Amino acid sequence: MYRKTWMEVNLDAIYDNVRTIKEHCGKKFIAVLKADAYGCGDYPVAKTCLEAGADMIAVSSLDEALILRNKGYEGDLFILGPVDPKDIPIASAYNIAVAAISAAWVNQVCRLHCKGLKVHLAYDTGMNRIGFKDLATLHEAYDLLLQSGCSIEGIFTHFCNTDKEDRSYTDNQFAEFKKAVASLNHPFQWIHCDNSDATIFFEDEISNACRVGISLYGISPYTDRLKPAISLYSEVSMSKSIQAGQSVGYGWTYTAQKDEMIGTCPIGYADGFIRKNQGRYVYVDGMMCEVVGRVCMDQCMIRLDHDIVPGTPVEIFGPHISLETMAEELDTIPYEIICLISGRVTRRYMYHGKPVNEITPRLNESL
Ligand SMILES: *Cc1c(COP(=O)(O)O)cnc(C)c1O
């Protein structure tokens, strides 16, 4: 890493979070590592989750599943999203479980040679994304998959609102799911419906596995027992004084009211630090500094209360500014902020309290 803009991923915290959640729910643990483990790096996070007792890894697509296989992961692997029926032989060949998403999908897949394919039935209880919408369709699909020699390993649904304060919709979704599972009377190895939030607050007596993504990183509105695992940093590459009346950045959107000290940081919207961050604060050497002027593609400017030496770290989020606070201020959710951290930002991994390695996805491709 030559440019000092990095995301710190604390694998010790992820390890502890898996243990804490698994102990809390007392079920099998599916670590949801889609989108390169929410931007944190699929392989190091997978390895940590498995060490901590995760039983399966879930990703969103066949591409993501194959990336993990190519990196050497041989354990249970499940794709949450749709896989094109024509690509099913690849999933089979790599021993990857897939979601049966609709009657049309099942018909197509069963016309192929799908003997032995591992399948989880997706039952749509109100999200209206993927899955069978009623019991009759579910049963037809089940019969067809069974006749075709598929291995029906699992059944799952997904809640669309896991707000602890407003549980009526979730309760209803859960009741539908319970009915579906009972009606099939099949020895499913995997019965799952709870994402992070539901795993933490929703008492559910039907599922035998939780499906946890965001809380791996210590993010949960429902418990303070988890440890924050991700922080984002840049540095001040230079500082300068400007005089009252001078403007900063594209489009003169910020003009100094008095003489000020301005620092420049090598982070911009191409790193996922979106333009909406203008006017928000970052943490530098004991000060909260406002991001002034437009955020550029590769750099941004901040107002300093006192001069600092070039190279001083800038915390975008971390111990002083939580990811949750940043998300709230940007009118979004923590998921979106971390998934947008781009491939040119270095991932620095902490393990057993020490930095162990650095990966810059965009640079490593070319090495
Ligand atoms: C992303 C996803 C999850 C994980 O959700 P979190 O809120 O991050 O725990 C679980 N299940 C499905 C189907 C998902 O798409």
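The values are calculated or read from the model by the stated rules, or taken from the named source; none is laboratory data. Just so it is clear, the structure is predicted and the values come from calculations on it, not from any experiment. Using ideal geometry, Cβ is built from the backbone for each residue, glycine included, and neighbour counts are taken over all protein chains shown. Only protein heavy atoms, including side chains, enter the accessible area calculation; ligands, DNA and RNA are left aside. Shrake-Rupley method; radii C 1.70, N 1.55, O 1.52, S 1.80 Å.
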Fill in: Accessible area of the stretch 17-151 belonging to carbon and sulfur atoms, whole % at 1.4 Å probe
51 percent
Discussion item. Roughly how far apart, in whole Å, are the Cα centres of the stretch 56-78 and the stretch 247-318?
Written reply: 39 Å
Worksheet item: Using Cα atoms only, what is the angle between the long axis of helix 42-51 and the major principal axis of the chain, expressed in degrees (0 to 90) to the nearest 10?
Response: 60 degrees
Worksheet entry | Net +/- balance of residues flanking F273 in space, Cβ distance below 11 Å, scoring K and R +1, D and E -1 | +1
Practice prompt. Taking 7 Å along the Cα-to-C-beta vector as the label spot, tell me the R225-D84 distance in nanometres, rounded to one decimal.
Written response: 4.5 nm
Item to complete: State, as an integer percentage, the relative contact order of the stretch 203-327 based on alpha-carbon contacts under 8 Å between residues 6 or more apart.
Response: 26 percent
Item to complete: Starting from the Cα of S241, move 7 Å in the Cα-to-Cβ direction to define the label point; list residues of the stretch 287-313 whose amide nitrogen is under 16 Å from there.
Response: 304-309
Item to complete: Give me the accessible area per residue for the chain, probe 1.4 Å, as a whole number in Å².
Response: 45 Å²
Worksheet item: Mean residue ellipticity at 222 nm from the helices of the chain, using -39,500 (n - 2.57) per DSSP H segment of n ≥ 4 over the full residue count, to the nearest 500 deg cm²/dmol?
Response: -8000 deg cm²/dmol
Discussion item. Give me the percent of accessible area attributable to carbon and sulfur for the stretch 255-339, probe 1.4 angstrom.
Written reply: 51 percent
Worksheet, complete the sentence: Contact order relative to length for the chain, counting C-alpha pairs under 8 Å separated by 6 or more residues, stands in percent at 17 percent
Item to complete: With an 8 Å cut-off on Cα pairs and a minimum separation of 6 or more residues, tell me the relative contact order of the stretch 47-195 in percent.
Response: 17 percent
Discussion item. Around K227, under 11 Å between beta carbons, what's the net of Lys plus Arg minus Asp minus Glu among the other residues?
Written reply: -1
Worksheet item: Over what distance in Å are the Cα centres of the stretch 86-120 and the stretch 1-46 separated?
Response: 29 Å
Worksheet item: Amide H to amide H under 5 Å from V295: which residues, 5+ apart in sequence or cross-chain, H placed 1.01 Å off N in plane?
Response: Q278
